Amino acid sequence: MVAGTCRSADAGDVLMTAAPRTHRLQELTPDQSRLLLEERVQRRLGIELQEFIRRWQAGLYDGPDDNPDALEIAVLLPIVGVDPWRDGTIT
């Protein structure tokens, strides 16, 4: 499954998936987007999403050379209402 983000006029940032064989896009609900992101954090970093957010906000990741997976996940945080470049308040 391929995932990415796009901007929807009515829903803000949404996560989209494309099945490799059909190449059809499916808009995910906010709950589905959160679940997909939680699964990615667990698979890539072995921690819970909330723990990743805490570590990211605390500056525990030095940069893309330190952990490229962390940067990839950080850019997806707006999906769950967190601005990775601000204080990170979860909405």
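The values are calculated or read from the model by the stated rules, or taken from the named source; none is laboratory data. Just so you know, these numbers come straight off a predicted model, no measurement behind them. Neighbour counts are summed over all protein chains in view; Cβ atoms, including those assigned to glycine, are modelled from backbone coordinates with ideal geometry.
Every residue, every condition in (1) surrounded by 12 or more Cβ atoms within 10 Å (Cβ to Cβ); (2) under 13 Å from Pro84 (Cα atoms), yes or no:
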| residue | (1), (2) |
| --- | --- |
| His23 | no, no |
| Arg34 | yes, no |
| Arg44 | yes, no |
| Glu51 | yes, no |
| Trp56 | yes, yes |
| Tyr61 | yes, yes |
| Asp65 | no, no |
From the list Pro64, Pro20, Pro30, Pro68, exactly one residue is on the phi < 0 side of the Ramachandran plot and modelled with pLDDT under 65. Which is it?
Pro20
Return yes or no: is Met1 closer than 25 Å to Asn67 by Cα and modelled with pLDDT of 60 or more?
no
